1. Only residues that are more than 21 Å from residue B:330 (Cβ to Cβ) and surrounded by fewer than 21 Cβ atoms within 10 Å (Cβ to Cβ): list them for the stretch B:417-446, please.
2. What residue, of C:302, C:294, C:356, is under 30 Å from residue C:204 (Cβ atoms) and assigned to a helix (DSSP H, G or I)?
3. Report yes if residue D:66 is at pLDDT below 80, of a type in the set (A, V, I, L, M) and either out of contact with any strand residue (DSSP E or B) (no Cβ under 7 Å at 6 or more places or on another chain) or closer than 30 Å to residue C:133 by Cβ (or both), otherwise no.
4. So how many residues does the stretch C:41-80 have that are more than 14 Å from chain D (Cβ to nearest Cβ) and aromatic (Phe, Trp, Tyr)?
5. Please verify whether residue A:13 is within 7 Å of chain D (Cβ to nearest Cβ), over 17 Å from the mean Cα position of the chain (by Cα) and over 23 Å from residue D:26 (Cβ atoms), treating the condition exactly as stated.
6. I'm trying to understand the selection: among the residues of the stretch C:25-52, which are part of a helix (DSSP H, G or I), surrounded by fewer than 16 Cβ atoms within 10 Å (Cβ to Cβ) and modelled with pLDDT under 85?
7. Report yes if some residue within the stretch A:27-34 is more than 7 Å from chain D (Cβ to nearest Cβ), modelled with pLDDT of 85 or more and crowded, with 19+ Cβ neighbours inside 10 Å; otherwise report no.
Amino acid sequence: MPPLPIPEHPPVAWYLILSAILFGLGVAGFLFRRNIITVFMSIELMLNAVNLSFIAFSYQLKQVSGHIFTFFVMVVAAAEAAVGLAIILTIYKNKSTLEVDEINSLNN
Amino acid sequence: MNENAHQLWLIPALPLAGALINGVVGQMRDRAAHAAAHGHGHGHGHSHSHSHSQGHDHGGHDSHAKPDPLVSMVSIGSVLLAFLWVSKTLIALGDLNTAYVERYFTWIASGSLNVGFDLAIDRLSAVMLLVVTGIGTLIHIYATGYMSHEKGYYRFFCYLNLFMFFMLILVLGANYLLLFIGWEGVGLCSYLLIGFYFLKKSAGDAGKKAFIVNRVGDFGFALAMLLIFIHFGSLDFGAVLPKASGVDTGILTAIGLLLLVGACGKSAQVPLYVWLPDAMEGPTPVSALIHAATMVTAGVYMVARSFPIYEGAPMAREAVALIGLATAVMAATIGLAQNDIKKVFAYSTVSQLGFMFLGLGVGAYGAGIYHVVTHAFFKALLFLGAGSVIHALGGEQDIRNMGGLRTKIPWTFATLFIAAFAIAGFPGLSGYYSKHEILLAAHHHAHWMYWVGTITAGITSFYVFRCIFLTFFGEYRGKAHPHESPAVMLIPLILLAGLSIAGGFLGIPHWLEPFFPKMAEGHDAMAGNITTLVGLGGIVLAYLFYVVSPGIPEGIANSLRGLYNLIDNKYYVDEAYDSAIVHPLEHGSRIVLWRGVDAGFIDGIVNGMGGVSRSIGGALRTLQSGNIRSYANWVVLGAVIFLVMLGAAGGAR
Amino acid sequence: MDFIVLSLIKAGLIAFVLLTTLAYLQWVERKVLAHIQLRPGPRRVGPHGLLQPLADVIKLLTKEGYVPSHVNKPFYFLAPFLGVVLALLAISVIPFGPEIEIAGVKTQMGMTDLSVGLLFILGLTSVGVYGVALGGWASNNKYALLGGLRSSAQMISYELPMALALASPLLLANTLSFREIVGTQEGFYFGFLPRWAIFQMPFPQVVAFILYVITAFAETNRVPFDLPEAENELVAGFHTEYSSLKFAAFFMAEYANMITVTSIATLLFLGGWHPPFPRELGSDFIPPLLFAAGGAVMLFHGVTQPRGKWDNITLPVFGLIFLGIAALFAGCAVLPMLEPVRQILLPVFWFAGKTGILLFLFIWVRGTLPRFRYDQLMRFAWTFLFPVAVVNLLATSFFVAVFSN
Amino acid sequence: MDSLFFLAFAAIAVACGINLVIQTHPITSALSLIGVMGSLAVLYLLLGAEFIAMVQLVVYAGAIMVLFVFVIMLLNAGAEKRVARPWKPYLVGAPLLVIFVGVASCILHDMLGDSDPVIFGSFTQGGAREIGRSLFTEYLLPFEVTSVLILIAILGAMVLARKEF
């Protein structure tokens, strides 16, 4: 087999870069999307990106703590999703919209 | 012999178990019984409750309620078992020349403070244990009869057993902190039981009053404990008391005075006695057990327990004697004008507690404890007898509405009469011996104390017999139909009457003699005779006033109107406290704290900050667009700033 | 490269067996249901309708793949694909026999053995709901949407008691790998009582087994939990708008899921491929006896009282095949030289037998029980199954903690 | 081999991530997010995090995202409406995003010197046993606190979902 132009094993740094890219995408969705559910999902994407970096660091440092943190992030994300989606449901019931720009009752 | 051979923990644990069972199982059974009663209508129990359908002391009466036999059995059984265990342990321990200590576990270990959960028995606590469990048993038996028609029967016995638990912890505790736990615990139970008829406002208020007044004392006690810990490095009796003689007098005085403050609260001494008369709002067995025989003597016990400290601090000891004497005189004179049978006995309790403190203060610790014991006998008897009278009259407590009861309730009359003779110091009865020892010691200490004490003893016998004569002699002035109490109430009365007679021959002073420092000998026979005569004189005078020619007291009251009013209004102490403490506190709070500190200073700060933040907020409010997207932008901006700072700081390496 | 070749061979073999099983499971279901309802069932195509699955497949393949105009096309196509892929993927981690050696090559019976195999299956089943939910949503039809919604809510709700019920035997096994789980269930108490999880000391998992079977019904959307496709409320539920191959994909996914959940029940609770009583007591003779009895009955009926036109030919033929299988098993049981064959055949027989009994239970229940109402379904999950599962898990952990050392 | 796996799944993850951001219909975004999560699960496996990979599937893809999909279906959320000035959010956001990504990549570039190559199977502590041991000893308190948090979240969700609002 001819030698690949890329290393046989990906360095941990690649994972971190991927994590950064996904995080950036999450931020972009968070900033630009108008549907509140999509915004919420962008936040989940950011959490996932961070989880990836945790796992990657865990590999680099050869310890299991990163996995534990990821686990906690997931648990908290589950709780957050439950409450957040309940809030979204309530908002929709009251305002019949999911557009973040129209949900501005906190204005003044 | 293994270390904790006698299982002292069982003694408090038994009543605690009783309290738990009554609290949990009793409540469940009570609910179940209620549900059943509602289901089956009201046919049952009517015939039984008809003859007894009188409200006892106060409200809370429930003619449908039937006492739960399980609750009665558990409560009496647990206390009786505790008594038996105490007896067995004491027999097994023999002469307690040194304290017997059982250590269970380290309770608090914090820095140099190391407090163990240790229980101990010595000669002093042995006496107290027997009194607490013995009289406790009798009163529990009595209470099953007295409370049989009350709502919350299980609740009452749950509290009462809980009280026994804390009291036994108080007595058995081998360090000040454990004593304090018991001390606070009995205070709590006292509060709960005074407010037992919590639907009545006066009962609730009385409970609160007792609780709050006791806090003043407890504060002193807590400070004393702190001082003890600072200067002795421990709270164990075994470690502190033997070292007391080597400590500076000033410190000992401070500790002694602070302990005295605590004791004043718990044992209802001047100036903190005001809660005890009000505490009579509680059911009568409670008054007998807690507010006459056991809890209120905790202060005496504590001072006697700490006698090495007082030996090293003559000033503090003098203060104990003075406070005791003042209390004795004050309470006795107030007792002259009381018309509520329980109030009379309440003031007499305060007065007798004063005698005990007098005994402690003049160095007759043994006599003081001796009086605790005999007083427990006859005062419990007085209260239980009073309860029996009240029971007989269906809740009537005013002696002006009684009279002529000696033929109607003869057993109650006989036992109460014995108790009255005992408290009056009739020769041969228990009160005679203990009171005489105290007064003789006082005579030895300072003549004037003896004279004041003797006169007080005379007043005591006068007002106690005034109460007895008004209740049992003359014509019946009430409306209810008196009837004798059931046997379950009479048997404790008779037993206590026996103890009141024989209490002087139990050899308690002899038993306690090696424990306390020797008193200087030299009894004045003359002084003893005078005391006896004064006591008898009080009885005769009462007989003249209230049986032979009932018009005299009225005349005296009229001719000494001012003095009478003063006494009748209890020296205006409550009013004085109101105007001296409560009102200034209220006004001070209103003017200084509220208007000045709160409105002026704190509000000023708050308003100032509010104003500043409002102006800042005004600038910032444009940021709060209510638009989620703008918030998102701010969040990201924050993240960017954070990242920049991170980068500037050289990354996360 | 050996590994890849071997895997490809195994994958092909398993795929072939599995797909055939799926097709014939459908036939078995129709037959059994028919007999429960006192009907003969399919019997036109082939002897006793044995070729019916083939006919069905041909029919579904050749039918017009009608796509309604109002659907959301990408998801409409994605959904059945997703469903069937996830369902088949799950089977790849299920072992159905011990490690064997053929011609010097050691391999496991089963595609692969993950150290977290059970979690993998849980993950796949929880993701599997997307097939149904998306299909319902993409159809752009209110019945389909309701079916999809019901399905997602139901599967989330029943996943909790299912995971809890599965956790209890895991506490006994102390591993997540199926192979090791089965390994802990090997052997017998007192020489005859198998150490299966439902009998295993210190805490037999009977309750967990019953809970698991109930939740498995719900997870596969089977009667009495077939709310997502309740025909008298929602037409056909989430697959109302599907036809031909896409419908077949949903169908296959359902049956593949059934096989998965019953296999898991077998592996976790019923001792996997271990026989129900020891070899010394003659467990090896059970398969030859069964097959021989079946073959004899067929032969008897075929020769003496043929009902159908071809029965006098087909029944004896099948009877002879069965007798042949019986002979093979009998040979395995007695001849030491057939030991390698025995090591392959018997585990497969026991595994397939247990799974088959559970599958029969699924069909039997379908023929017997009515459907739940939706609120009953939810209440049942949250107020009965969930607490019972929690209590069972706590009790198991207590007993394991107390007695395992 | 490992690198190819990584690149393939990283590509899928990024593609799905981009799809999440550019699609206007929430259900498409949701499915894209599931795609990201699935490929991340594979990457976790490559990193030796078996347990977390499976939990990622069960919890994220199987529970959280099902909830999202469920809500989207329940509300029948359609594609975002066309608005008068769709470029408005980008006015502030785009520069911010550019700065953010720029700064982040600068720092990353700075920080990332040599890192270990990720060899599949070399990290063996990611199994359920090791994580469980760590979770129930070292991280027991956070674990318990998290369970309380979940309880609160359940209550909160129930309160919010009541009919009275």
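The values are calculated or read from the model by the stated rules, or taken from the named source; none is laboratory data. The structure displayed is predicted, hence computed values, not measured ones. Using ideal geometry, Cβ is built from the backbone for each residue, glycine included, and neighbour counts are taken over all protein chains shown.
1. B:417, B:426, B:427, B:428, B:444
2. On inspection, the qualifying residue turns out to be C:356.
3. no
4. So the answer is 1.
5. Yes: the conditions hold for residue A:13.
6. none
7. no
Listed here are the residues, each with its yes/no results for (1) in contact with a helix residue (DSSP H, G or I) (Cβ under 7 Å, 6 or more places away or on another chain); (2) in contact (Cβ under 8 Å) with a residue 12 or more places away in the chain.
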residue	(1), (2)
D:6	yes, yes
D:11	no, no
D:14	yes, no
D:21	yes, no
D:24	no, yes
D:29	yes, no
D:33	yes, yes
D:37	yes, yes
D:42	yes, yes
